[in-house]
Amino acid sequence: MKSLKALRISLFPIFFLTTCHGIWNFYPDTNDPGLSRFTSRGYNIASCYIKGKAHVNNGSFYPVLQKDSSVNSIDTLQFKWPLFVHDTANIFTAYTDIAFLLPVPKSFDKTNLLEFNGQRFLNSVPVTLTDTSQKKFSGVATLYFVTVTEALERSNRKYIKMSGLFDGHIGDSIVIAKGRFDFEIYEGSLNF
Amino acid sequence: MIPVIFRWEPFKRSAFFVEAIKSFVINTRLPADAYTTNSQLPEHVALTEKIELKDFALGLGGAFVVYTNKKNNQFTVNVSSGICDENFIVDYTKYDEANYEVLNPDVAANYSGLYAAVAALYNFHKRKQDMFIMLRLQTASSAAKHDHYTLSYNKTSPLQLTFGYKLFYAKNKKK
């Protein structure tokens, strides 16, 4: 019975660490309370202020990066991730995801994505926010891909490391500020 | 890094000693980059990052005589252990913090913990003054990192080669 108790005690930290894995890569930015530092190491973290409240992704969900086809000559590159409000007291006023919708040619492929490295799209990227009642709000954003590189990581799998900054506004009432992202996306998950 | 070691051997016939170590470190300067989404500003500025280290260690140790020759020159192995404190201070050249974000910024860190050291010391015996040459290796502080964040700097583990003089003092005897 004693050994069973010991086992239970020793297993608890393992479970705790597993469930907490998602927040391991949140490294607080002392200049911007509630946000993570601006990094380019594939930490799988993104954070920003929306209406002055800090929002983060929790690291357990990879971003969606996919090309949505359309009937006309322009497709849309959707770059989207879930959001969680950093201050749980404001959870019901939070937004649940953010999506950038970049117009791209039908021929857009991985090489074109890598060419985003160092490109700043000023006040021209459509952005949508979804709130807790699934209501969508559309506006315009600036999206700056500071680094987009191909990396050979675990088990010889190829990843795209993307990091950058963003801000934007939806009308006059919703301001997205001080946004930063740092993702590592498995190339096999891309649909282009 | 220029370490200054103060070593006190309180007993003439004992190998016991007390050591205090303070390093004078030349600040490290590294290039850094900051970026902005503000259309009114250049998208990138190059910065200089300054990393300053302040450290101190205090320990106790013992010396073991390995070899003594006819001229009383001695080769000893010294082992010591104690507490140490390393404080890294990070500063960036002045920039517009409201609009720019530093990429992969370094942050300040403090490592207070224990250390162990081993030194090989050869003592050249003279009548009034001893000279010595010492090769000393000290472990890094036992303090763990606070998180997994990658920094440009790491805890130090100094390897030093020192040439020095021993200063003797004599207690005044009461008449």
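Here are some notes:
- Once backbone amide H atoms are built at 1.01 Å from N, A:Asp29 has A:Gly34, A:Leu35, A:Ser36, A:Arg37 as its partners under 5 Å, excluding neighbours fewer than 5 places away on the same chain.
- Per residue, the accessible area of the range A:106-192 comes to 46 Å², computed with a 1.4 Å probe over protein heavy atoms only.
- Solvent-accessible area of A:Ser138 with every protein chain in place, 1.4 Å probe, in Å² to the nearest 10: 80 Å²
- Other protein chain Cβ atoms within 10 Å, averaged over every residue that makes up B:98-109: 5
- Near-label residues of the range A:171-192 by backbone N, under 16 Å of a point 7 Å along Cα→Cβ of B:Tyr95: A:178-181
- Gain upon complete extension [B:Thr150, B:Ala46; 0.36 nm per residue less C-alpha separation]: 35.4 nm
- With every protein chain in place and a 1.4 angstrom probe, the accessible-area ranking of B:Glu97, B:Glu19, largest first, reads B:Glu97, B:Glu19.
- Backbone phi angles across the range A:130-145, fed through the Karplus curve with coefficients 6.51, -1.76 and 1.60 (θ = phi - 60°), yield HN-Hα couplings of 10, 9, 5, 8, 6, 7, 9, 10, 10, x, 10, 10, 9, 10, 10, 7 Hz in residue order; Gly and Pro are listed as x.
- Remark: the range A:166-182, residue by residue, has Karplus-estimated 3J(HN,Hα) of 8, 7, x, 8, 10, x, 9, 8, 10, 10, 9, 9, 6, x, 8, 9, 8 Hz, where x stands for each Gly or Pro and the curve is 6.51 cos²θ - 1.76 cosθ + 1.60 at θ = phi - 60°.
- Excluding ligands, DNA and RNA and using a 1.4 Å probe, chains B and A jointly bury around 1900 Å² of accessible surface, summed across both partners.
- Mean projection area, nm², convex hull over Cα of the range B:19-77: 7.6 nm²
- Viscosity 0.890 mPa s, temperature 25 °C, Stokes-Einstein D of the range B:32-144 from Kirkwood C-alpha radius, µm²/s: 134 µm²/s
- Once the convex hull of all Cα atoms in the protein assembly as shown is built, its volume per residue stands at 272 Å³.
- A:Gln78-B:Val4 pseudo-label distance in nm [points 7 Å out on the Cα-to-Cβ vector]: 6.6 nm
- Computed accessible area, A:Arg157, all protein chains, 1.4 angstrom probe, square angstrom: 100 Å²
- When B:Trp8, A:Trp81 are compared by accessible area at a 1.4 angstrom probe, the order from most to least is B:Trp8, A:Trp81.
- For the listed peptides A:139-151, B:34-46, B:143-155, a ranking on the average number of other beta carbons within 10 Å per residue, highest first, reads A:139-151, B:34-46, B:143-155.
- Estimated distance in nm for a label pair at B:Arg13 and A:Gln134, the labels positioned 7 Å out from Cα along Cα-to-Cβ: 9.1 nm
- Helical content alone sets the calculated 222 nm signal of the protein assembly as shown at -2000 deg cm²/dmol, taking -39,500 (n - 2.57) per DSSP H segment of four or more residues and averaging over every residue.
The values are calculated or read from the model by the stated rules, or taken from the named source; none is laboratory data. Bear in mind that the values here come from a model prediction, so they are computed numbers and not experimental data. Note that each Cβ is placed from the backbone with ideal geometry, even for glycine, and that neighbours are counted across all protein chains shown. For the accessible areas, the whole protein counts, side chains as well, though only heavy atoms, and no ligand, DNA or RNA atoms are used. Shrake-Rupley method; radii C 1.70, N 1.55, O 1.52, S 1.80 Å.
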